[in-house]
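Student: Below are the structure tokens for one structure; questions will follow.
Derivation of every value follows stated rules applied to the coordinates shown; laboratory data play no part. Note that the structure is a prediction, hence the values are computed from the model and not measured. All Cβ positions, glycine included, derive from the backbone under ideal geometry; neighbour counts span all protein chains shown.
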Amino acid sequence: MKCRRCRAPAVIEIRRHNAGFCRDCFLRHSREQVRKAIDDFDMIRPGDRVLVAVSGGKDSLALWDILRDLDVDVDGLYLGLGIGEYSDDSGRCARAYADEHGAKLVELDLPADVGFDIPTGARVARRAPCSACGLSKRHLFNQAAVDGGYDVVATGHNLDDEAAVLFGNVLRWSTEYLGRQLPVLPAGNGFVRKVKPLVRLGERETAAYCVLKGIDYQVEECPMAAGNRHLGYKAALNAIEDQSPGSKHAFYFGFLDKASPLFTPEAVAEQEQLQACARCGTPTTGEVCAFCRLVERARG
Amino acid sequence: MVLRNPRREVELHGPMRVHALLERLEINRESVLVIRGDTLVTGDIQLHDEDEIEIRPVVSGGSS
């Protein structure tokens, strides 16, 4: 197989683009896809300070690297989750990238700074681990961005992640979630802008990007995520994609283009019910926000 | 050949194309990268007995 752009031998085939790419053309293609997502959805504006949430996995390290290549003013944020050896290795990958590239990495540690780890927090609060983890990340990423004077939090959610979440939300017709499943959530109500610049890249592409750039990332799967519903949705979508390349892209971007606005009123109605959390001030629908309730239960 | 998540090693005899290898192992090509040495190989590449191959899953993640 030849590279679509320069006819050199290809190292990766992307079937939804009906194309193969050599190393250099693939890296350029990846940067172009991120640039297009940023421009199409007005994610990052000139002068914005961006904080990228870095897990040590392929997506967030690829995102950090691409944003730096695109001359975005970006620092990394690593949150230690206290998931044993998995977290130790993930932190090592994030620090190694920062050291090798002279990039700034802000670090937070859930056990040391907040007082609980994900396995304990999930068990005590009777939440699924991924739910306790996501809740903690959303809260602490935003807090770190506000504290650090950043305008934007960027996360490494890719096309596969977004298509899988959309699939789950459609299966259950979770209209309030559908109303805010967007690649950009604007700033407001104490939240900085949240953006997902990798929505035009699949996770096979972000992994390939790291391999081809020599970026050492956490290859192992999070032990807490094994067997979760999200991975089942991804397997189902990959089975469809294998038969019909481009299905995931069409599903997600078709939703954004044709269906997402239909659910906006649900999201707006929820926004209008928000009030400040009595403990931390974060906007919430209850008196105390979900994160503060999790912290209270996890600390016992 | 090294397969990951869970990590295991299997020995297969070539020549065999990458596509055929993945089919034989019943692995969806959308869910992995195939790595020979320090670079990636596409599905049409012929693999030989002496090649050391890693099949690396790319599907990750939990979701709240």
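Student: For the condition closer than 23 Å to A:Asp117 by Cβ, in contact with a helix residue (DSSP H, G or I) (Cβ under 6 Å, 6 or more places away or on another chain) and among the small types (Gly, Ala, Ser), what is the one hit in A:Gly76, A:Gly84, A:Gly57?
Tutor: One residue alone meets the criteria, A:Gly76.
Student: Ok, one more. Specify the residue that is surrounded by the fewest Cβ atoms within 10 Å (Cβ to Cβ); the eligible residues are those in segment A:238-254 that are under 20 Å from B:Ile27 (Cα atoms) and of a type outside the set (S, T, N, Q).
Tutor: A:Gly246
Student: Is there a residue being in contact with a helix residue (DSSP H, G or I) (Cβ under 6 Å, 6 or more places away or on another chain), under 30 Å from A:Arg126 (Cα atoms) and either touching a residue at least 60 places away in the same chain (Cβ under 8 Å) or not in a loop (DSSP other than H, G, I, E, B) (or both) anywhere in segment A:238-255?
Tutor: The answer is no; no qualifying residue exists.
Student: For residues that are at the interface with another protein chain (Cβ under 10 Å from one of its Cβ atoms) and either assigned to a helix (DSSP H, G or I) or surrounded by fewer than 19 Cβ atoms within 10 Å (Cβ to Cβ) (or both), tally how many sit in segment B:23-34.
Tutor: Within segment B:23-34, residues that are at the interface with another protein chain (Cβ under 10 Å from one of its Cβ atoms) and either assigned to a helix (DSSP H, G or I) or surrounded by fewer than 19 Cβ atoms within 10 Å (Cβ to Cβ) (or both) number 4.
Student: Restricting the search to segment A:14-55, which residues are surrounded by fewer than 22 Cβ atoms within 10 Å (Cβ to Cβ) and in contact with a Gly (Cβ under 9 Å, 6 or more places away or on another chain)?
Tutor: A:Ile14, A:Arg15, A:Arg16, A:His17, A:Asn18, A:Arg49
Student: Can you pull out every residue in segment A:167-189 that is over 22 Å from A:Phe141 (Cβ atoms) and of a type in the set (Asp, Glu)?
Tutor: Hits for segment A:167-189: nothing passes.
Student: May I pose another question? Only one of these is in contact with a helix residue (DSSP H, G or I) (Cβ under 8 Å, 6 or more places away or on another chain), away from every other protein chain (no Cβ under 14 Å) and crowded, with 22+ Cβ neighbours inside 10 Å: A:Ala145, A:Ala163, A:Ala154, A:Ala103. Name it.
Tutor: Within the list A:Ala145, A:Ala163, A:Ala154, A:Ala103, the selection yields A:Ala154.
Student: Okay, moving on. Among the residues of segment A:168-180, are any farther than 24 Å from A:Tyr86 by Cα, among the charged types (D, E, K, R) and part of a helix (DSSP H, G or I)?
Tutor: yes
Student: Moving on. Checking the structure you have, find out if any residue of segment A:224-237 is crowded, with 16+ Cβ neighbours inside 10 Å, over 24 Å from A:Asp65 (Cα atoms) and more than 18 Å from the chain's Cα centre (by Cα).
Tutor: Checked segment A:224-237: at least one residue is crowded, with 16+ Cβ neighbours inside 10 Å, over 24 Å from A:Asp65 (Cα atoms) and more than 18 Å from the chain's Cα centre (by Cα).
Student: Let me ask something else about it. Among the residues of segment A:213-247, which ones are more than 7 Å from every other protein chain (Cβ to nearest Cβ) and either touching a Gly at 6+ places or on another chain (Cβ under 7 Å) or closer than 20 Å to A:Arg23 by Cα (or both)?
Tutor: Scanning segment A:213-247 gives A:Lys213, A:Gly214, A:Ile215, A:Asp216, A:Tyr217, A:Gln218, A:Arg229, A:Tyr233.
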